[in-house]
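The values are calculated or read from the model by the stated rules, or taken from the named source; none is laboratory data. These numbers come from a predicted model, not from an experiment. Here the Cβ positions follow ideal geometry from the backbone for every residue, glycine too, while neighbour counts run over all protein chains shown. Remember, those area values only see protein heavy atoms, side chains included, never the ligands or the DNA or RNA. Shrake-Rupley method; radii C 1.70, N 1.55, O 1.52, S 1.80 Å.
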Amino acid sequence: MQFGSVAFFKVLIKTVLCIVFFVPLVLCVIFAVLLWNKGVTLEEVQYENEKLAYKVELLSGNADLTVEDFYKVYSESGLSDAALIAYINGEAVPDDTQADVQTKEASSVVTEEVSAEAVQTAETAEPEQTEETQEVPVVEPVSPYASLYEDMTVRVPTVFVREEGTIYLTFDDGPSKNTYSVLYYLDKYDIKATFFVVPQRTEECYAIMKQIVDSGHAIGVHSTSHDYNTIYTSVEAYLEDFYNAWQMIYEATGVKTEIFRFPGGSLNDYNAATRDAIIEEMTRRGFRFYDWNVDSNDAGGATWTDMYNSIPAAIATKVRSFVLMHDSAARENTVYVLEDILMLLKNEGYKFDKINNNTQPVQFIGPYA
C-alpha cells in the first residue's frame, strides 16, 4: 500500500473513525465504572456512619435500647458469647477480647457526629478493669459457731506486754469462804492478783466477785461447773458453760472479762478431742487464756512447808512467773502460807502484778505456747 493511494486513504479514514468514536466510548465506560464504584463507597461510608450514630444514641441513652439492639451492637463489636455474658454479669472481659474491641472501636470513629459527651457516658458506664487493677476480695471463713452467743466477743490488744521479773499470783476455783482472807493479805502488802472464778448465781458469790474487782484485782472465767466430762465434750458445750460464767461475772461486777483459764489447763487428759477447736473459737472471739509455769501444788495436798520452799525456788528459775494457787474452801494451807510467801518474795525484790488485758500469756498449747 503506497502513500497517497486509495487503499492508504481507506485505512487512514478507518483509523481516524476509531480514534474519534471508540476511544471516547471506552473512556466513558471507564469513568462510568469508576464513578459507580465511588458512589457505592460513599453509600457504604454513609451507611456505616448512620449505624455509628445510632449506636452512640443507644449508648448515651438518647434512644430506647431493645434486647435486639443490645445484642446487635455487641455482636458487631467482636465480643464472644462468653465475653458478652461476662459483661452483662459485671465481670471483667478477658484481656485479649478487650484488645480486639478497643482496636475496632478506634478504627470506627470516622465521623464528627460522635460527641464527647456520648463517648464519656459510654466509658463511665462500665469502667475497664485489668488483672493488674482488679481487687480480689478476701473472704474470711465463717466459724460454724458464729451464731452462738454472738455478744460474747471482746477486743484484742494490738500489743502484748511481757514484763520480765514480774510475779503474777493467780487463784482458781473461788469465790469461797477463804476469799476474804486472801484479799486481806494481798491488800496488806499492796499486791494485785488475778482470780479465775467458778461463779454461782447466789448473793454471796456476787458480793465476793464485786469485792475482788473493787479491790483492784483482775477477774477471769474458769468455768461454771468445773466438770471436765461435760464442758470438754464439744465446742458447743464449752461455749455454753463459758457464756454462763462470763455473764455472771458481768452481772456482779460490770466487767466483760477478756481473760480465762481452762479447768485443768489448756492441755489435759479430758480435752484432747476438742481442745484445738475450742482454742481456735475462743481466740477468734478475742479471749486470751492463761496457764501457769509455777505450781504451788496446793490442789495436790501440799503442806505449808512444801509451798514455802517450792514456790520461791520455782520463781527463781523463771523470767516471769505465773503462780497457780487455789481459792477453794478446802485449800486452807494456801491461806496459811500466803502471808509468809508474800513477805519473802517482796524482801527479795520481786514485783507483782495482776494479769491485765494486754499481758502476754503463758500457755501449754495455743498461740503463745
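Listed values, structure above:
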{"quantity": "Accessible-area order (highest first, 1.4 angstrom probe) of the listed residues ASP190, ASP340, ASP214", "calculated": "ASP190, ASP214, ASP340"}
{"quantity": "Interchain or long-range residues, amide H under 5 Å from ILE219's placed H", "calculated": "PHE195"}
{"quantity": "The range 241-347 - percent of accessible surface contributed by carbon and sulfur, probe 1.4 Å", "calculated": "48 percent"}
{"quantity": "Residue order for VAL159, VAL182 - accessible surface, 1.4 angstrom probe, largest first", "calculated": "VAL159, VAL182"}
{"quantity": "Summed residue charge, Cβ within 15 Å of ALA314's Cβ, Lys/Arg positive, Asp/Glu negative", "calculated": "-3"}
{"quantity": "Rg followed by Dmax, in Å, when the range 168-263 is reduced to its Cα trace", "calculated": "13.1, 43"}
{"quantity": "Formal net charge of residues neighbouring ARG275 (Cβ-Cβ distance under 14 Å; K, R +1; D, E -1)", "calculated": "-4"}
{"quantity": "The range 164-212, relative contact order in percent, only Cα pairs under 8 angstrom and at least six apart counted", "calculated": "46 percent"}
{"quantity": "GLU240, GLU203, GLU339, ranked by accessible area, largest first (probe 1.4 Å)", "calculated": "GLU203, GLU240, GLU339"}
{"quantity": "Neighbourhood net charge (9 Å Cβ-Cβ; Lys/Arg +1, Asp/Glu -1) for GLY286", "calculated": "+3"}
{"quantity": "Cα gyration tensor shape of the range 315-357, rounded if a/c is under 1.5, else prolate or oblate by comparing a/b with b/c", "calculated": "oblate"}
{"quantity": "Using θ = phi - 60° and Karplus 6.51 cos²θ - 1.76 cosθ + 1.60, couplings along the range 141-152 (whole Hz; Gly, Pro as x)", "calculated": "x, 8, 5, x, 10, 5, 7, 8, 6, 4, 7, 8"}
{"quantity": "Farthest toward positive dipole pole in the range 133-282 [+1 Lys/Arg, -1 Asp/Glu at C-beta], among ALA237, TYR185, PRO199", "calculated": "TYR185"}
{"quantity": "Cα centre as origin, Lys/Arg/Asp/Glu Cβ charges: the range 211-293 dipole, Debye", "calculated": "220 debye"}
{"quantity": "Mean separation of Cα contacts under 8 Å (6+ apart) over length of the range 164-283, as relative contact order %", "calculated": "23 percent"}
